[in-house]
1. Which log10 I(q)/I(0) values does the range 137-196 give at q = 0.12, 0.14, 0.24 Å⁻¹ under the Debye formula, counting every alpha carbon as one identical point scatterer?
2. Among 71, 142, 150, which one shows the highest mean-square fluctuation when the chain is modelled as a Gaussian network with alpha-carbon springs under 10 Å?
3. For the range 2-195, report the convex hull volume of the alpha-carbon atoms normalised per residue, in Å³, without decimals.
4. Between residue 5 and residue 95, 0.36 nm times their residue separation minus their Cα-Cα distance comes to what?
5. How much length, in nm to one decimal, is gained on full extension between residue 139 and residue 73, taken as 0.36 nm per residue of separation minus their Cα-Cα distance?
6. Where does each of 60, 87, 26 land when they are ranked from fewest to most other beta-carbon atoms within 10 angstrom?
7. On a 0 to 90° scale, report how tilted helix 168-179 is relative to the longest principal axis of the chain, with both axes built from alpha carbons and the result rounded to the nearest 10.
8. Rounded to the nearest 500, what is the 222 nm mean residue ellipticity of the chain from helices alone, with -39500 (n - 2.57) per DSSP H run of 4+ residues and division by all residues?
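Nothing in this text is a laboratory measurement; each read-out follows from the coordinates by a stated rule. Source: prediction; values computed, not measured. All Cβ positions, even for glycine, are placed from backbone atoms using ideal geometry, and neighbour counts span all protein chains on display.
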């Protein structure tokens with residue numbers, strides 16, 4: 001489990017370092033997430049882009065590194081532990097997001113389980129896809145692995161595009177949500193520290 005967490009975290013750290021050294025590939029899901037971080041989007045959109053890159057792309061690659069070939073079958077216990085950790089983390093993230101995004105918080109109170117629909121849907125879809133992709137990569141030859149990685153990357157890019165461009169009506173809702181949010185990373189951290 002410790003090795004799993006280390007490898008999983010290192011995929012993010014490696015992408016972060018490459019991005020800041022201008023060596024991260026432009027088709028990387030992390031490139032999209034980091035580039036969008038420079039723009040004014042909602043907190044939820046930024047969070048979902050990070051979840052998308054880390055779960056849809058990094059998680060399956062982590063599984064293949066830790067358990068290549070048929071060993072992947074033995075990884076399910078650690079894989080599900082990681083997913084439990086992610087689920088617990090999402091509960092706290094939801095509270096923080098709704099505190100920083102009052103309109104989204106109000107909508108969540110009006111529409112039961114809205115936060116689950118917004119966050120957990122994306123994560124649950126990502127979990128299933130990353131597991132499927134990991135199995136395909138682990139059991140394939142080098143050509144198959146490369147194709148599966150590219151497929152995983154393309155899927156994460158497509159989901160990232162949907163997060164940033166959810167459609168006309170959703171874009172209007174996102175605009176309204178965005179203008180009421182606390183802005184700026186430093187300010188967000190200060191607000192969350194005062195809340196604790």
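1. For the range 137-196 at q = 0.12, 0.14, 0.24 Å⁻¹, log10 I(q)/I(0) is -0.59, -0.68, -0.95.
2. 142
3. Each residue corresponds to 127 Å³ of Cα convex hull volume.
4. Stretched fully, the residue 5-residue 95 segment lengthens by 29.9 nm.
5. Contour length minus Cα-Cα distance gives 22.7 nm.
6. So the residues, fewest neighbours to most, are 26, 87, 60.
7. 60
8. -23500 deg cm²/dmol
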